[in-house]
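Below: the structure, in structure tokens.
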Amino acid sequence: MSRHKKYLTVDEPDPTLDISSLIDVCFLLLIYFIVATTIQKSEVDIVHNLPTKSSIDSAMPLIEPLFLKVDAQGAIYAGSSNRQQLLDTDPELRSLPLLQDVLKLYASGAIMADKIPLVQLWVDDEANQQRVIDVLNALVGEKIHSVAIIDVAS
């Protein structure tokens, strides 16, 4: 049995590819991944009171704010510029144990003095966003909700 070769003639149109079913499959996969994706619970529950002009109330007890700084390499410092204490330096470590100890001492001291704990967070422009989220998670873990975030370059 011989094979017959079919040659395209001038009259036959070029073969086409119908991709409408491919688009349907892509949308179904997109919907599946959107529905199946979960958001990390620790990042959903971040509730912070950002300062505004009307948030300064004369009845609110004031306390010296705790200064925190996140630099470009991911190192976290506590204290003001002349008394900075280096805390956590490993950007891969997400738990931040030294920062949590400092926050626990600060929050308990503020609560004992019947004052609201305030934190001023200075963030470098080149800092890793996940590192800043880890610091915010540590603040939420110690129930510190009054946070001012400042850009170091400004």
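So is Arg131 buried (at least 19 other Cβ atoms within 10 Å of the Cβ) and more than 17 Å from Gly79 (Cα to Cα) or not? Spelling it out, Arg131 is indeed buried (at least 19 other Cβ atoms within 10 Å of the Cβ) and more than 17 Å from Gly79 (Cα to Cα).
How about segment 95-137: which of its residues are in a helix (DSSP H, G or I) and among the charged types (D, E, K, R)? Once the filter is applied, which keeps residues that are in a helix (DSSP H, G or I) and among the charged types (D, E, K, R), segment 95-137 yields Asp101, Lys104, Arg131, Asp134. Residue pairs whose Cβ atoms lie under 8 Å apart, separated by 6 or more positions or on different chains, with the first residue in segment 139-154 and on the phi > 0 side of the Ramachandran plot and the second at pLDDT 85 or above and β-branched (Val, Ile, Thr), do not occur. Scan segment 98-111 for residues that are under 16 Å from Val147 (Cβ atoms) and either surrounded by fewer than 13 Cβ atoms within 10 Å (Cβ to Cβ) or of a type in the set (S, T, N, Q) (or both) and the total you get is 1. Checking each residue in segment 64-97 for being over 17 Å from the mean Cα position of the chain (by Cα) and buried (at least 16 other Cβ atoms within 10 Å of the Cβ) picks out Pro65, Leu66, Phe67, Tyr77, Ala78, Leu87, Asp88.
Of all the listed residues (Val147, Val140), the sole one being outside any loop (DSSP other than H, G, I, E, B) and either more than 20 Å from Glu64 (Cβ to Cβ) or among the hydroxyl-bearing types (Ser, Thr, Tyr) (or both) is Val140. Pairing residues of segment 13-30 that are at pLDDT below 95 and in a loop (DSSP other than H, G, I, E, B) with residues that are of a type outside the set (Lys, Arg) and exposed (fewer than 10 other Cβ atoms within 10 Å of the Cβ), at Cβ distances under 9 Å and at least 6 apart in sequence or on separate chains, gives Asp14/Leu8.
Of everything in segment 112-128 that is in contact (Cβ under 8 Å) with a residue 12 or more places away in the chain and out of contact with any strand residue (DSSP E or B) (no Cβ under 9 Å at 6 or more places or on another chain), the residue that is surrounded by the fewest Cβ atoms within 10 Å (Cβ to Cβ) is Asp114. Here Leu103 meets the list (1) of a type in the set (A, V, I, L, M, F, W, C); (2) touching a Pro at 6+ places or on another chain (Cβ under 9 Å); (3) free of Cβ contacts under 8 Å to residues at least 12 places away in the same chain almost entirely, failing just condition (3).
The values are calculated or read from the model by the stated rules, or taken from the named source; none is laboratory data. Bear in mind that the values here come from a model prediction, so they are computed numbers and not experimental data. Glycine gets a Cβ as well: all are built from the backbone with ideal geometry, and neighbour counts include every protein chain shown.
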